[in-house]
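Structure, as structure tokens:
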Amino acid sequence: MAEHAFALVDSTFTEFLTDDLLVKPAEQAWEKSDYYALRRAVFSQEQQLLAQDKDDKDFGALPIVAVAHHCGMPDQVIGAVRIYPSEPGLWYGGRLCVARAYRRHAMIGKALVNEAVSRALDLGCERFLATVQVVNEAWFHRLHWRSLDTLQLLGQPHVLMEAQLDAYPFMPRRVALSRARRHD
Ligand SMILES: CC(C)(COP(=O)(O)OP(=O)(O)OC[C@H]1O[C@@H](n2cnc3c(N)ncnc32)[C@H](O)[C@@H]1OP(=O)(O)O)[C@@H](O)C(=O)NCCC(=O)NCCS
């Protein structure tokens, strides 16, 4: 068999990651089904935390997505988070996730948290809480959150955290994200 200097093996090709990304509430049917598919991929398959990722909170929750665009057209949901009120003024965020390939790519997680808290503020939020996996506690501190309590959830250590609302939004909303423009 002839030997080539340029073997075509899988590692020759890396996945194309677009920098044309938009964070916004899920509006289209395909965005909502992609949103649930991403949550399933992360929390049921990758982390194996939840056999069934959907729950009753989803009936009243607002889904927020990060949409990857290709050639200027919306193409794929690569980030997700949900927000919901538990009583007047008190809002919760949850199911925050970014598709594996897009993690640490272009502040997608930060932009999702920025939009989640800011959107809740628009809707009358006076307090915004989330139970966060312990490994992500330091990351949330950088996004203007403080820790309130520690707890066990789904057999994993979690921290109840609160967003400092006067710091939100800490980056522009509904903007195309790009690696060229980073905000902290
Ligand atoms: C947590 C998560 C949403 C972050 O999304 P992301 O798009 O990768 O994060 P961003 O690009 O906005 O931020 C990345 C930055 O945070 C840092 N960072 C990422 N995860 C971190 C962690 N767990 N602890 C501390 N810092 C972290 C990175 O080093 C990077 O720093 P830089 O901005 O100086 O380069 C993503 O890793 C994820 O989906 N994880 C799996 C699901 C999950 O754990 N969800 C959270 C449940 S509480």
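Summary of values
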item: Relative contact order computed over segment 65-109 (Cα-Cα under 8 Å; 6+ residues apart), in percent; result: 29
item: Residue among 85, 164, 48 farthest towards the positive dipole end of the chain, charges placed on Cβ; result: 164
item: Pairwise centroid distance, computed over Cα atoms, of segment 34-62 with segment 108-129, Å; result: 19
item: Low-density loop positions, GluC sites (Glu not before Pro), segment 125-173 - DSSP coil, at most 13 other Cβ in 10 Å; result: 126
item: Most positive-pole-ward Cα, 143, 73, 30, against dipole of the chain from beta carbon charges; result: 143
item: Estimated FRET transfer efficiency (residue 30, residue 156; beta-carbon r; R0 41 Å; 0.05); result: 0.85
item: Gyration tensor verdict on the chain (Cα atoms; rounded if a/c is under 1.5, prolate if a/b is larger than b/c, oblate otherwise); result: prolate
item: Label-zone membership for segment 65-95, site residue 17, 7 angstrom Cα→C-beta point, backbone N under 18 Å; result: 66-71, 75-80
item: Dipole in debye (nearest 20) - the chain, about Cα centre, beta carbon charges: Lys, Arg +1; Asp, Glu -1; result: 300
item: Gaussian network model of the chain, Cα within-10 Å springs - most flexible of 33, 118, 147; result: 33
item: Relative contact order of the chain, pairs being alpha-carbon contacts under 8 Å that are 6 or more residues apart, as %; result: 21
item: GNM result for the chain, Cα springs below 10 Å: residue of 43, 16, 59 fluctuating most strongly; result: 16
item: Using a Förster distance of 22 Å, the FRET efficiency for residue 71-residue 40 (Cβ separation, nearest 0.05); result: 0.20
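Rule-based calculations on the coordinates, nothing more; no lab input. As the structure is a prediction and not an experimental result, all values here were calculated from the model. Neighbour counts are summed over all protein chains in view; Cβ atoms, including those assigned to glycine, are modelled from backbone coordinates with ideal geometry.
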